[in-house]
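Below is one structure; the comments refer to it alone.
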Amino acid sequence: MPDARHATPYDALLLLSFGGPEGPDDVIPFLENVTRGRGIPKERLQEVGEHYFLFGGVSPINDQNRALLDALRKDFAEHGLDLPIYWGNRNWAPYLTDTLREMVADGRRRILVLATSAYASYSGCRQYRENLADSLAALEAEGLELPEIDKLRHYFNHPGFLEPMIDGVLESLADLPEDVRGGAHIAFSTHSIPNASADASGPVEDHGEGGAYVEQHLEVSRLIAEAVRERTGVDHPWQLVYQSRSGAPHIPWLEPDICDHLEERHEAGAPAVVIAPIGFVSDHMEVLYDLDTEAKAKAEELGLPMRRSATVGDDPRFAAAIRDLVLERAAVERAEEVTPCVLGGLGASHNLCPVGCCPARAPRPAAAGADSPYA
């Protein structure tokens, strides 16, 4: 276990997230931020905006990040880790550039970043690194002294991320009617992305078809299913499924879609399904709408008993996992020997994203990696 007394050389942690609207007037401007440069017609933004208007125009993600910040600060304080924590978003206030400007003003010079995505992919990793590079370029243009920034490794196989999800699946199974519980199927759900993006995720030479994105999700699915079998004595059938597709119809995206999967399971005679949203850190809009609204409606239409298990959110075990990852990375930077805390056979992800990792269609500068222009 790394030394819990300090996080030297780091002097701050930055929670970096997606952001979301906090009222009806925010919805369209927020979606314009998300889709800027992609040529999405306003009518499509209005259509997607209806998902938010069902919930008062408020995305839950900001409040969920506030809860996670509280959990992290509580955990750090209880364990004597004196490391200030800041919060910045990609697409809504508090904006990343504003937060980094505040951190510089506060004298922070060595920053460690926690992204609210556990897996390797362009949108879950490199795009955040591009956002960091954009913000650093903006601060540089203002003549500010730039901090050095690193990013925590992917934490999909850290026990503090897995254990809360295992408990969530067990609780959902227990909540099913007893006569269908034993035969229930588990659908491990994550965000669909284009096949080409999936294939290019992670260091390409290290992964097969589907790249690191699919491989890491399959590993999490397997680990949870094995834990459920060990604790219940029941070997529940499971499959990795996808949701929230948003791309052009002619571009292949990862399948099957969760609603198609529910239909297929029903036709195959599955007595019940538990949906486990392993691709999401918290119950934000894509969980509340795509699973709790659309998938729930599909299951009710089919007469298929369905439960949706919890995401990790602000679970104390997840907060403790982040502390462990911070201390691990700090020890690595101090050239100390470290044994990373991971479950399963994939091992710990890289601390420094290599050149060409999770490439975009058009190359852009990305901070906090081996190809960073701000190293």
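Observations
- Neighbourhood net charge (10 Å Cβ-Cβ; Lys/Arg +1, Asp/Glu -1) for residue 91: +1
- Placing unit charges on the Cβ atoms of the charged side chains and taking the dipole of segment 72-146 about its Cα centre, the candidate lying farthest along the positive direction among 121, 87, 144 is 121.
- Equivalent ellipsoid semi-axes - Cα gyration tensor, the chain, angstrom: 33, 25, 20
- Cut-off of 10 Å, at most 16 other beta carbons, DSSP loop: longest stretch of the chain lacking such GluC sites (Glu not before Pro): 1-141
- Radius ratio Rg over Rh of segment 1-154, counting only Cα atoms, Kirkwood formula for Rh: 1.00
- A simple charge model with +1 on the Cβ of Lys and Arg, -1 on the Cβ of Asp and Glu and nothing else charged puts the dipole of the chain at about 600 debye relative to its Cα centre.
- A viscosity of 1.002 mPa s and a temperature of 20 °C, combined with the Kirkwood radius over Cα pairs in Stokes-Einstein, give a translational diffusion coefficient for segment 3-88 of 141 µm²/s.
- Our estimate of slack between residue 335 and residue 40, defined as 0.36 nm per intervening residue step minus the Cα-Cα distance, is 101.5 nm.
- Taken per residue, the accessible surface of segment 184-248 reaches 39 Å², heavy atoms only and a 1.4 Å probe.
- Length gained when the stretch residue 144-residue 350 is fully extended (0.36 nm per residue, less Cα-Cα span): 71.2 nm
- Taking every alpha-carbon pair in segment 230-375 and binning the separations at 5 Å intervals from zero gives 2, 7, 11, 13, 14, 16, 14, 10, 7, 4, 1, 0 percent.
- For segment 68-185, radius of gyration divided by Kirkwood radius, i.e. Rg to Rh on alpha-carbons: 1.12
- The charge dipole of segment 180-261, taken about its Cα centre with unit charges on the Cβ atoms of Lys, Arg (+1), Asp and Glu (-1) only, comes to about 440 debye.
- Taken as entire DSSP H runs, the helices of the chain never both span 15 Å or more between Cα atoms along their own long axis and average 0.5 or more on the Kyte-Doolittle scale.
- Chain lengthening between residue 53 and residue 110 when straightened (0.36 nm per residue, less Cα-Cα): 16.5 nm
- Here the chain exposes an accessible surface that is 50 percent carbon and sulfur, computed with a 1.4 Å probe and the other protein chains kept in place.
- Simple Cβ-charge dipole of segment 282-375, Lys/Arg +1 and Asp/Glu -1, about Cα centre, in debye nearest 20: 180
- Between residue 82 and residue 248, the simple spin-label model (points 7 angstrom out along Cα→Cβ) gives 5.6 nm.
- Calculated accessible area for segment 276-375 comes out at 44 Å² per residue, all protein chains present (probe 1.4 Å; ligands, DNA, RNA ignored).
- Put simply, the amide H of residue 189, placed in the peptide plane, has neighbours under 5 Å in 241, 276, 278, 279, leaving out anything fewer than 5 places away on its chain.
- Per residue accessible area of segment 92-174, 1.4 Å probe, in Å²: 31
- Taking each DSSP H run with n ≥ 4 as -39500 (n - 2.57) and averaging over every residue of the chain yields -12500 deg cm²/dmol at 222 nm.
- Close amide H pairs (under 5 Å, H built 1.01 Å from N) link residue 201 with 212, 213, residues at least 5 positions away or on another chain.
- Averaging 1/r across all pairs of distinct Cα atoms in segment 55-119 and inverting the result yields a Kirkwood radius of 13.4 Å.
- Principal axis dimensions, segment 164-302 - Cα atoms, whole angstrom, descending: 44, 33, 29
- Largest-first ellipsoid semi-axes for segment 198-276, taking √(5λ) over the Cα gyration tensor eigenvalues, angstrom: 25, 20, 8
- For segment 266-375, applying the loop criterion from DSSP together with a ceiling of 14 other beta carbons within 10 Å to the trypsin sites (Lys or Arg not before Pro) yields 334, 361.
The values are calculated or read from the model by the stated rules, or taken from the named source; none is laboratory data. Here the structure is a predicted model, which is why all the values come from computation and not from measurement. Cβ coordinates were reconstructed from backbone atoms using ideal geometry, including for glycine residues, and neighbour counts include every protein chain displayed. Note: areas computed on protein heavy atoms with side chains; ligands, DNA, RNA excluded. Shrake-Rupley method; radii C 1.70, N 1.55, O 1.52, S 1.80 Å.
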